[in-house]
Every structure is written in structure tokens, then in C-alpha cells.
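Some notes on the structure that comes next.
Read the figures in this text as sums done on the coordinates, not as results from a lab. Every value quoted in this text rests on a predicted model; they were computed, and no experiment measured them. Using ideal geometry, Cβ is built from the backbone for each residue, glycine included, and neighbour counts are taken over all protein chains shown.
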Amino acid sequence: MSGSDRRRNPRREDRSAIYYRLVDATGPGPSRLRGAVSGNLSAGGLLLLTRHEHGPGTRLELELLLRAHSGSPVCHHVVFAGEVVRCEPQPGSDARFELGVRMDALSDEDRDRLAAYLAELERDTA
């Protein structure tokens, strides 16, 4: 069964800014905030394009910055926790790694924001 056959939620191509930090990082205090970009996005997960390697099972706290598509200057923030389910190197790319991230802690309000954004992406590509 291919990865796309196992997905419950359709993926939409998207290039949104993301800030994230490792949840289980060792050492004093929270881990360093890192920047990345999404490659695609769904209601249950995303493809994270990053310069840093994080293996499957790595826990992340993420903030996704969703730009408005309908001409509004408003940018929505969606904050959630997730787990890396796969990590693949991308030689020769600015984003040296593609991380498959499963969302597993998302507030109802952020889930609604994400659903509205995904619906807008679908309308834009139809």
C-alpha cells in the first residue's frame, strides 16, 4: 500500500512558513526555534522542508503561518504538536531533508482555521 493510499486526508501543495522546536531536546531550557517551510499540507499532517535531520519519533512543537489567499492581508497562525514519521535526505536542495509530520495535538480553533485554509487552497486549484 503506497503512502497516498494510507492517508485519511488529502494533501494540498503549499509553501507556508513554519517555526518549530524539538519537544524532547536534552539540555537546559527549550530547544532552539528553527524555521522551515511546508511542502504540502493536510488536516492530519504536513511535509516539512528543513535543513535539519530529525528521525522518526521526534516530537515537535510547530507554528504554521497561513497566508490569506482571498486578498486579505491577514495571516493566520496554527499551533500544534506533531511527530516525525519519516525523514528523507534531499541532496542538492536548500531544504536538505523532507520530514513527514503527523499532527496529534491541535486545538479546535486551530483545526477550524486549518480546515478553512485547506478549503481555500482547494478552491484556488479547482
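Values as computed for the structure displayed
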item	result
Fewest-first ranking of Asp14, Asp112, using other Cβ atoms within 10 Å as the exposure measure	Asp112, Asp14
Rounded, prolate or oblate (a/c below 1.5 giving rounded, otherwise prolate when a/b exceeds b/c) for the stretch 22-125 by Cα gyration tensor	prolate
